[in-house]
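**Q** Pasting a structure here, questions to come.
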Amino acid sequence: PGNVARAADGALAVAGLGVREIAAEFGTPVYVLDEDDLRSRCRDFRAAFPTEDVYYAGKAFLCRAVVRMIAEEGLFLDVCTGGELATALAAGMPAERIGFHGNNKSVAELTRALDAGVGRIILDSFTEIDRLSALARERDVRPKVLIRVTVGVEAHTHEFIATAHEDQKFGFSLAGGAAIAAALRILDEDVLELRGLHSHIGSQIFDTSGFEVSARRVLALQAQIRDARGVELPELDLGGGFGIAYTTQDDPSPPADLAKRLRKIVDGECAAERLAVPHLSIEPGRAIVGPAVFTLYEVGTVKDVDGIRTYVSVDGGMSDNIRTALYDASYSATLASRASTAPPLLARVVGKHCESGDIVVKDEFLPADVQPGDLVAVPGTGAYCRSMASNYNHVPRPPVVAVRDGRARLIVRRETEEDLLALDVG
Ligand code: LLP
């Protein structure tokens, strides 16, 4: 994060607070959120997209304190389950600033969204159009909706997190004609207020040409809808997926560049199709929260395996960061609790779980004198680490601590063994 630096004693400090103090107060592992860094990322997006709406994708990481932070910074919020919606509402997020996603929203979830008055619901299937239409009729309301369009773009990212190629579960296919059929059905039935189209092509994307192709395709569909029914939809959401730097090899675009490119393509395409430029929105999750957090672990054992490699075991692992095992994601690690002048040693940072795939950082040079009791920091863990954390091996999930102006504030407490046992009622 932006406010992390080595202090005079050689230890890392975030916003002026040393990691040893954080570990002493909250224990390890702990997710440490640099609050000003998160807020400045929100502001960068707001400044880059001043006339557009920026929805923070809560799936990346959600808790009440973060909802309040992003709301204070002027962002909207994208939720995709009843649980995320409940958290957003509990934090006081105005319902009209919430967008509700998901490919299988239940009757209960849709009912709750309608009763709360969420600003928009992004529709994902014909079943859902029928389901929501029935609920809206019963309540005599006319919710605002977007249609999620599968634009057929191959985003260059891991297969599991690419979402706009044809053969996957999300959205209405553009090529197959489902998207236009959905739009016409909603317009003809007139129970739902169709505000616009939506496309999200995947996550951790650096090559912006995918966004350009997808914008072009959804706007062509927009023109088709206009030609068929004489209606110009007023909004367009281009989704999230903007990549962040996990290692020095990643080179993300600043939001201002992204904004420039997206606007240029949308303006150009609208001119070509003789469409009024729709009100744009985007949904970054990772790019807002990912770089603002690091995980602080304590080293438990250091093992040299036959001279091949040194395994540095920390007190967490795949239960607090599944991304390395699941997506072959790359992270880095650094000795955080002290300076060292020892020569570098090729290490693998692993967790405490009962499988060999329990890797946090595959390859990293750590000082050769790394030893039990040292603290190791893994940066860039704000997105999809706490939110995808598990209790594998009955390991309680770590807390989240927000640091600002040299002070730490617990925003999500550590799970306890009592928490684990509380659910076990047999
Ligand atoms: N909008 C929609 C409709 C989405 O499905 C997603 C992410 C986002 C926005 C936010 O994408 P972001 O800006 O955070 O890339 N667990 C995976 C990522 C899954 C992303 C799911 N959808 C990971 O750890 O990489």
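**Q** Compute the long axis of helix 35-48 from its Cα atoms, compare it with the longest principal axis of the Cα atoms of the chain, and write down the angle in degrees, 0 to 90, nearest 10.
**A** With rounding to tens, the tilt is 30 degrees.
**Q** Length gain on complete extension for the stretch LEU184 to ALA245, per 0.36 nm per residue less the alpha carbon to alpha carbon distance? Before the final figure, lay out the partial values.
**A** Values: separation 61, 0.36 × 61 = 21.96 nm, distance 4.12 nm.
Between LEU184 and ALA245, full extension yields 17.8 nm more.
**Q** Additional query: In whole Hz and in residue order, list the ³J(HN,Hα) couplings for segment 132-148 that follow from phi through the Karplus curve 6.51 cos²θ - 1.76 cosθ + 1.60, θ = phi - 60°; x for Gly and Pro.
**A** 5, 4, 4, 5, 5, 4, 4, 8, 6, 10, 10, x, 7, 9, 10, 9, 7
**Q** Which ³J(HN,Hα) values in Hz, rounded to whole numbers, follow from the phi angles of segment 85-100 under the Karplus curve 6.51 cos²θ - 1.76 cosθ + 1.60, where θ = phi - 60° and Gly and Pro get x?
**A** 4, 4, 5, 4, 5, 5, 7, x, 5, x, 4, 5, 9, 10, x, 10
**Q** Still on this structure, I have one more. Could you pull out every residue, at least 5 positions away or on a different chain, whose amide H is within less than 5 Å of the one on ILE147? Hs are placed 1.01 Å off N in the peptide plane, and Pro or chain starts have none.
**A** LEU123, GLY196, LEU197, HIS198
**Q** Using only the alpha carbons of segment 276-426, what is the convex hull's orientation-averaged projected area in square nanometres?
**A** One quarter of the hull surface, i.e. the mean projection, equals 14.0 nm².
**Q** Could you please report the charge total around ASP405, scoring K, R as +1 and D, E as -1 over all other residues with beta-carbon less than 15 angstrom from its beta-carbon?
**A** On the way: positive: ARG39, ARG404, ARG407, ARG409; negative: GLU21, ASP34, GLU35, ASP36, ASP37.
Combined, the nearby Lys, Arg, Asp and Glu give -1.
**Q** Restricted to Cα positions, what overall size does segment 7-94 have along the principal axes? Three whole-Å values, descending.
**A** Computed over segment 7-94, the largest-to-smallest principal extents equal 45, 30, 18 Å.
**Q** Would you mind computing, in nm to one decimal, how far apart the modelled labels at ASP115 and LYS144 are, each placed 7 Å from Cα along Cα→Cβ?
**A** For ASP115 paired with LYS144, the spin-label model returns 2.3 nm.
**Q** So, R0 is 22 Å and r is the distance between the beta-carbons of SER40 and ALA256; what FRET efficiency does that work out to, to 0.05?
**A** Details: r = 13 Å, r/R0 = 0.61.
Efficiency computed from Cβ-Cβ geometry: 0.95.
**Q** Straight-line reach from LYS352: which lysines have a Cα under 17 Å away, not including same-chain ones fewer than 8 places off?
**A** By straight Cα distance, LYS352 reaches LYS303, LYS362.
**Q** Something else: I'd like the antiparallel share, as a percent to the nearest 5, of DSSP beta bridges with both residues in segment 35-289.
**A** Details: 1 of 28 bridges.
Here the antiparallel bridges make up roughly 5 percent for segment 35-289.
**Q** So how far, in whole Å, is the C-alpha centre of segment 267-292 from the one of segment 114-133?
**A** 22 Å
**Q** While we're on this one: Using only DSSP helix segments of four residues or longer, with each worth -39500 (n - 2.57), what per-residue ellipticity at 222 nm results for the chain after dividing by its residue count and rounding to 500? Each step should come with its number before you reach the end.
**A** Details: 12 runs with 131 residues, N = 426.
Counting only the DSSP helices, I get -9500 deg cm²/dmol.
**Q** Can you classify segment 35-289 as rounded, prolate or oblate using the Cα gyration tensor, where a ≥ b ≥ c are the square roots of its eigenvalues, rounded means a/c under 1.5, and otherwise it's prolate if a/b beats b/c and oblate if not? Present the calculation step by step, with values, prior to reporting the outcome.
**A** Details: a/c = 1.60, a/b = 1.12, b/c = 1.42.
Cα axes put segment 35-289 in the oblate bin.
**Q** What translational D, rounded to a whole number of µm²/s, comes out for the chain from Stokes-Einstein when the hydrodynamic radius is the Kirkwood one over Cα pairs, at 4 °C and 1.567 mPa s? Kindly include the intermediate steps, with their values, before the conclusion.
**A** Values: Rh = 22.8 Å.
Result for D is 57 µm²/s.
**Q** Same structure again: Among all lysine pairs in segment 35-289 that are eight or more places apart or on different chains, how many have alpha carbons less than 28 angstrom apart?
**A** 9
**Q** Just for the chain, what percent of DSSP beta bridges are antiparallel, to the closest 5? Working shown, then result.
**A** On the way: 34 of 69 bridges.
Roughly 50 percent of the DSSP beta bridges within the chain come out antiparallel.
**Q** Please order TYR55, TYR297 by the number of other Cβ within 10 Å, starting at the fewest.
**A** Details: TYR55 25, TYR297 30.
Lowest count first: TYR55, TYR297.
**Q** Each label point is 7 Å from the Cα along the Cα-to-Cβ direction; what then is the distance between the points at ALA5 and HIS279, in nm?
**A** Placing both labels 7 Å beyond Cα along the Cβ direction yields 4.2 nm.
Only the coordinates and a few stated rules stand behind these numbers; no lab work does. None of the values given here were measured: they were computed from a predicted structure. Positions of Cβ are backbone-derived with ideal geometry, glycine not excepted, and every protein chain shown enters the neighbour counts.
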